[in-house]
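To keep things clear, I will list the structure first and then write my remarks on it.
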Amino acid sequence: MDSKRAVELGAKVMALQALMIAYVTDGRTSAQPAEYRELYSDVTIDLEEAKYANPNPHNSLEVLMAFCKLQEMTTYASRRVYIQELYSDILLDLKRKQRHAPSPRGWEKANTALGDELTPVRSQWLKAKNFIFSATPDFENSIKESINSIESSLMILLNSPNGTLGKIIKNANLDTDIERLISQAYGYASNKSFVRHGGTSDSTLSKAEAEFFLEFAATAIIYITQKLKPRKP
């Protein structure tokens, strides 16, 4: 995606957010539901073409309002925060593209592999990237999301929604040595303080480790999808 398209998509996303916020606060009009449905469809298509997962499950403003009430978002402020956070990772990445900031080497290929039934995993994958390159980086959470993206891919492709990487990878029939590498990466993340669990001492993880695991996860995702994902005729 070039800078111009990133700007255009970012503007559409923010326009969609503005409609959502207006409807669930004090700016509701009768024309908004129809306008929202049309814009929601456009944004969903544009996000898919740009290899993002649409994090917004609300295909109508009425559904959004019902959700806010169900979740007991009783204040306008809580509703605004929820809506702003929905697209925060995508908007951050789009800003990076507007500034021509390069993506990690394996990013595009892995992101392409996360299509069809694996599209929801793109949200985890994007978080892993953003945790490294945001203004306030969080390397521990980046490593966690990188490993989680591998785990989620296996869970979906092996139809094991309640499994864990350490258990279900044995059913994937991968190359033995590669299976061991992926399992060791999962074990590393599980054992390191503040990654998958809490810790009692200061973390020593740096950008170097976070970038390593982002690239490792990319390679693992590409390999796993090539081995397990049904090939299209």
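The values are calculated or read from the model by the stated rules, or taken from the named source; none is laboratory data. Predicted model only: the values in this text are computed from it and were never measured. When we count neighbours, we look across all protein chains shown, and the Cβ atoms used for this are built from the backbone with ideal geometry, even at glycine.
Considering only residues that are among the polar types (S, T, N, Q) and part of a helix (DSSP H, G or I), look in segment 167-186 and name the one that is farthest from the chain's Cα centre (by Cα).
T176
Given the residues M73, M65, M1, which is the only one that is modelled with pLDDT under 95 and either surrounded by 16 or more Cβ atoms within 10 Å (Cβ to Cβ) or within 23 Å of the chain's Cα centre (by Cα) (or both)?
The match here is M1.
Being within 26 Å of S103 (Cβ to Cβ), outside any helix (DSSP H, G or I) and assigned by TED's automatic domain parsing to the domain that holds A11, is that true of even one residue in segment 74-88?
Yes - at least one qualifying residue is present in segment 74-88.
Going through segment 127-166 one residue at a time, which ones are more than 18 Å from F212 (Cβ to Cβ), in contact (Cβ under 8 Å) with a residue 60 or more places away in the chain and in a helix (DSSP H, G or I)?
S153, L154, L157
Taking segment 103-154 only, how many residues are under 20 Å from L228 (Cβ atoms) and hydrophobic (A, V, I, L, M, F, W, C)?
Here the count works out to 9.
Could you tell me which numbered condition V43 fails, if it satisfies all but one of (1) β-branched (V, I, T); (2) surrounded by fewer than 16 Cβ atoms within 10 Å (Cβ to Cβ); (3) under 30 Å from A210 (Cβ atoms)?
Among (1) β-branched (V, I, T); (2) surrounded by fewer than 16 Cβ atoms within 10 Å (Cβ to Cβ); (3) under 30 Å from A210 (Cβ atoms), V43 violates only (2).
Give all pairs with beta carbons closer than 7 Å in which a residue from segment 7-27 that is part of a helix (DSSP H, G or I) meets a residue that is among the small types (G, A, S); count only pairs at least 6 apart in sequence or on separate chains.
Once the first residue is part of a helix (DSSP H, G or I) and sits in segment 7-27, its partners that are among the small types (G, A, S) give L9/A50.
Counting just the residues of segment 22-32 that are surrounded by fewer than 17 Cβ atoms within 10 Å (Cβ to Cβ), under 29 Å from V7 (Cβ atoms) and not polar (S, T, N, Q), which one comes out nearest to the chain's Cα centre (by Cα)?
Once the filter is applied, the top-ranked residue is A22.
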